[in-house]
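To start, the structure under review is shown below, and the notes come after it.
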Amino acid sequence: MIHEENGIFPAVCPLDCPDTCGLLLHKENGKIVKVTGNPDHPITQGAICNKVRNMAERVYHPERVLYPMKRIGAKGEGKFERITWDEAIAEIAGRFQELTREHGPESILPYNFYGNMGILSVEGMDRRFFNRLGASKLQRAICTAAGSAGWEYTMGFGGGTSPEETLKAKLIIVWGGNIVSTNMHQVALIEKARKQGAKLVVIDVHRNRTGQRADWFIPLYPGTDSALALGMMHVLFARGLVNEEFLERYTLGHEELREHVKTYTPLHVSAITGVPAEDIEALAIMYAETSPAYIHMGNGLQHHDNGGMAIRTISCLPALTGQWLVPGGGAFKSNGAYANMNSDALERPDLRSDDQVRTINMNRIGEALLTLDPPIRSLFVYCSNPAVVAPDTGKVEQGLRREDLFTVVHDLFLTDTTKYADIVLPATSSFENTDLYVSYWHHYVQLQEPVIPVQGESKSNVEVFRLLAAAMGFGEEAFQETEEEMIRQALNYPDNPYLEGISLEGLQENRAMKLNMAHQQRYLDALTTPSGKIELYSARMADAGLPPLPTYIPLYEGYDGVNRPGEGSPYPLMFVSPPNHSFLNSTFGNVEKLTTLEKSPLLQIHPQDAAARGIEDGDDVIVWNDRGSYQIKANVTDKMLPGTVVSQGLWWGRDGQRRRANALTPDRLADMGGGAVFFSTVVDVKRQ
Ligand SMILES: Nc1nc2c(c(=O)[nH]1)N[C@H]1C(S)=C(S)[C@@H](COP(=O)(O)OP(=O)(O)OC[C@H]3O[C@@H](n4cnc5c(=O)[nH]c(N)nc54)[C@H](O)[C@@H]3O)O[C@H]1N2
Ligand SMILES: Nc1nc2c(c(=O)[nH]1)N[C@H]1C(S)=C(S)[C@@H](COP(=O)(O)OP(=O)(O)OC[C@H]3O[C@@H](n4cnc5c(=O)[nH]c(N)nc54)[C@H](O)[C@@H]3O)O[C@H]1N2
Ligand code: SF4
Ligand SMILES: [Mo]
């Protein structure tokens with residue numbers, strides 16, 4: 001493929017998006033001229049989003065970093081000069097050796113996330129390298145950590161309803177997700193189900209694109225979802241709408257829960273959530289009486305102080321009605337676990353000589369850079385853009401500005417983070433590499449092989465860490481292995497029966513191979529909670545100091561309908577900043593076609609809140625709190641309840657503009673899993 005000048009070649013979308021689409025790259029004269037969907041992909045079936053239709057613009061972007069560089073200006077200024085790879089690798093290896101000698105390898109911290117979902121890129125040679133080095137460990141908790149923990153306490157195994165099954169649903173509740181933008185093929189399945197009579201209910205703090213399509217949109221105050229779910233449970237038990245047989249056979253703690261939810265009356269819950277009591281009744285009855293009923297949980301729920309509990313509580317609902325036994329019923333939070341690979345073989349934790357090193361939560365990177373003792377003296381950033389995406393970016397930048405911090409950034413672009421680098425390394429795009437991809441939603445494993453040659457002098461993550469290992473004198477075979485060998489090791493994992501039958505050869509022939517889902521039939525008998533049942537009561541949560549039964553706990557920073565800010569409160573509005581339609585987190589924030597579509601960062605503000613501040617639609621406004629400020633345009637709309645403002649999209653802070661939502665967000669950790677709490681933020685707004 002790589003050597004052919006013209007033709008159409010299969011590829012995989014590498015982005016952190018549940019759909020993990022099959023792509024076709026159209027090449028003319030050696031260059032990709034068009035990206036389309038691969039109609040042969042059983043789930044994504046040839047449809048792709050507008051972002052990735054513009055992927056060639058990103059791959060051949062004039063600002064793409066094509067050579068290693070070293071800093072010649074102040075940190076953050078973005079002034080660099082070209083150096084050779086030999087110089088770059090020698091400098092990094094030299095500094096790492098010196099730091100290891102003088103301060104121990106714990107003074108070095110990798111910082112990465114899933115800018116490229118390729119398993120070899122972010123869970124392969126990189127992990128081997130940092131394990132062998134003995135670097136500090138990173139807790140990668142920026143995305144779904146809180147909710148995953150909440151699900152795990154309840155259900156154990158981290159997989160739910162399969163996409164194909166959702167076609168059968170008659171009721172679909174999308175709860176805290178904007179899937180029209182973030183999971184478009186699930187929407188396609190839902191639209192098919194609707195043609196057969198299914199109803200779509202969307203529960204969200206703002207009427208997002210998905211809410212606009214719903215049969216019923218239910219707005220509520222941020223962070224009050226567990227109260228809403230508990231109110232539904234109250235109605236289900238009180239009206240005898242639960243499936244007693246299911247509760248008896250498959251759950252633990254239903255008697256305790258039945259007693260516990262008595263206090264969550266619709267009236268009480270209505271006051272907390274802002275959802276009318278009769279709507280809570282109606283929703284519960286609709287959920288009990290429509291079958292199959294499917295719940296799709298999004299990230300909006302998890303990025304709160306009580307995010308783990310929100311997912312934990314909603315995950316209990318299908319157990320109350322027995323919807324787990326109904327094909328097309330049940331729930332989805334993530335299907336990642338079905339595709340678990342042999343991570344020990346990939347990441348080689350055995351290469352670490354001392355496993356007692358510290359672990360640093362990526363959500364607290366600013367704080368860690370500023371206060372940890374012994375300090376982090378070197379940061380190696382790849383596949384992530386913390387200066388934009390991490391909470392409390394003011395602190396992150398202050399940390400990155402430290403003169404004594406040796407920072408390496410490996411990326412395709414001079415992102416806001418890269419500007420703080422001492423050494424910049426150019427990264428390949430995923431279309432230039434071999435890698436293995438799985439989805440955290442559908443069940444297909446896919447292979448990417450290089451379609452175009454590497455651009456400029458860029459190198460893949462695997463190659464960079466291979467070179468660094470060699471320069472550091474790490475002689476283990478693990479650092480010589482080829483991509484193909486690593487893929488074989490990843491797939492060789494008898495502990496995960498769903499992987500049965502997937503092989504490198506099969507992938508080379510078929511591109512996409514389905515996991516062996518026959519094992520899913522044993523789902524309810526193979527739960528991995530301590531009791532082997534769905535734990536409505538969780539002793540492990542009690543041990544962890546959490547309420548063992550689903551419970552509504554108000555946000556640490558934020559308001560529900562009972563606890564509203566009083567007159568003169570410094571920050572009376574809740575600020576929610578989810579992703580936008582045209583970017584993928586901060587990726588594409590520099591692709592003109594897509595920034596043009598998004599125009600500029602917008603603050604959706606309710607007419608009442610706008611009027612109280614003399615703000616009109618289109619006004620330039622400042623949003624601020626103790627952590628920072630954000631310059632933005634007002635969009636006066638009643639898509640939220642009064643008291644909540646929403647700004648979608650993670651914009652780059654170009655030209656000194658204060659365009660970062662995360663300047664305002666807290667770096668506290670959620671109730672579970674060390675998760676991020678982006679959406680538990682209070683602010684005020686004024687005209688500029
Ligand atoms: N176009 C696009 N697609 C993406 C991404 C992107 O940036 N752009 N990012 C990708 C990534 S990494 C992820 S994790 C997923 C995330 O995708 P989703 O799971 O869809 O989650 P979000 O888009 O973060 O937030 C969804 C919704 O939660 C709402 N929300 C916030 N707080 C609350 C609350 O307390 N209760 C309720 N009920 N709703 C609340 C927000 O208003 C928002 O509409 O999307 C992936 N796909
Ligand atoms: N306010 C607010 N903040 C959020 C969120 C939110 O909803 N609101 N969402 C959060 C969530 S869910 C997530 S997952 C995080 C995501 O945050 P990140 O994981 O940081 O995602 P991106 O902003 O897409 O940055 C990925 C970077 O990786 C680079 N990259 C791509 N491919 C490669 C490669 O092969 N090699 C290397 N070395 N680099 C590569 C890209 O160019 C890009 O700069 O953001 C979080 N931040
Ligand atoms: S970003 Fe998502 S929807 Fe768009 S092509 Fe990639 S996987 Fe498909
Ligand atoms: Mo994410």
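Every number here is computed from the coordinates shown, using simple stated rules; none is lab data. Only a predicted model underlies this, so the values are computations on that prediction, with no experimental measurement involved. Please note: Cβ atoms are built from the backbone with ideal geometry, for glycine as well, and neighbour counts cover all protein chains shown.
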Point to revise | 222 nm mean residue ellipticity, helices alone, for the chain (DSSP H n ≥ 4; -39,500 (n - 2.57); rounded to 500) | key: -8000 deg cm²/dmol
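Rounded to two decimals, what is Rg over Rh for segment 5-133 when you use alpha-carbon atoms and the Kirkwood radius? Please list the in-between numbers first.
Details: Rg = 19.4 Å, Rh = 18.1 Å.
In segment 5-133, Rg relative to Rh is 1.07.
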**Study point:** Alpha carbon centroid spacing (whole Å) that separates segment 183-241 from segment 576-604
**Key:** 25
Revision key, fill the gap. One finds the C-alpha centres of segment 400-421 and segment 452-523 to be spaced, in Å, by 28
Practice item. Take every Cα pair under 8 Å in segment 573-687 that's 6+ residues apart, average their separations, divide by the length, and report that relative contact order as a whole percent. Key: 36
Revision key, fill the gap. re segment 125-200: pairs of Cα atoms spaced beyond 15 Å account for a percent value of 70
Review point. To the nearest Å, what is the center-to-center distance of segment 86-122 and segment 310-364, using C-alpha atoms only?
Key: 27
**Study point:** Overall dimensions of segment 304-366 by Cα: Rg and Dmax, Å
**Key:** 18.2, 50
Exercise for review: With the Cα gyration tensor of the chain in hand, give its eigenvalues times 5 under a square root as the equivalent ellipsoid semi-axes, listed largest first in whole angstrom.
Suggested key: 39, 30, 25
Point to revise | Dipole of segment 481-627, positive end: most advanced residue of Leu499, Leu546, Ser531 [Cβ charges, Cα centre] | key: Ser531
**Study point:** DSSP-defined antiparallel bridges as percent of all bridges, segment 573-687, nearest 5
**Key:** 65
Point to revise | DSSP-defined beta bridges in the chain - what % are antiparallel, rounded to 5 | key: 45
**Study point:** Isolated Cys in the chain, by beta carbon distance under 4.7 Å
**Key:** Cys17, Cys49, Cys143, Cys316, Cys383
Check your understanding: Which lysines have a Cα less than 23 Å from the Cα of Lys199, not counting those fewer than 8 places away in the same chain?
Key -> Lys168, Lys170, Lys333, Lys639
Exercise for review: Report relative contact order for the chain in percent, whole number only (criteria: Cα-Cα under 8 Å, sequence separation at least 6).
Suggested key: 20
Point to revise | Evaluated over segment 349-417, the Cα radius of gyration and Dmax, each in Å | key: 12.8, 37
Review point. For segment 573-687, what size does the Cα cloud have along each of its three principal axes, sorted from largest down, in whole Å?
Key: 39, 36, 26
Exercise for review: Give me the aspartates and glutamates in straight-line cross-link reach of Lys514: C-alpha distance below 19 Å, same-chain residues under 8 apart excluded.
Suggested key: Asp19, Asp40, Glu164, Glu165, Asp435, Glu449, Asp495, Glu500, Glu505
Point to revise | Leading residue at positive end of dipole, segment 573-687 (Cβ point charges), from Pro642, Phe678, Phe583 | key: Phe583
Study note, to complete from the structure: Working note, segment 477-619: Cα radius of gyration (Å, one decimal) and Dmax (Å, whole number) are 25.6, 67
Review point. Under unit Cβ charges (Lys, Arg +1; Asp, Glu -1), what dipole magnitude, rounded to 20 debye, does the chain have relative to its Cα centre?
Key: 1300
Point to revise | Where only C-alpha atoms are counted, convex hull volume of segment 67-107 per residue in Å³ | key: 84
Practice item. Please give every one of the lysines within straight-line cross-link reach of Lys419, meaning a C-alpha to C-alpha distance under 27 Å, and leave out same-chain neighbours fewer than 8 residues apart. Key: Lys51, Lys70, Lys75, Lys79, Lys137, Lys395, Lys459, Lys593, Lys599, Lys633
Review point. Which value, in nm² and rounded to one decimal, describes the direction-averaged projected area of the C-alpha convex hull of segment 372-471?
Key: 8.7
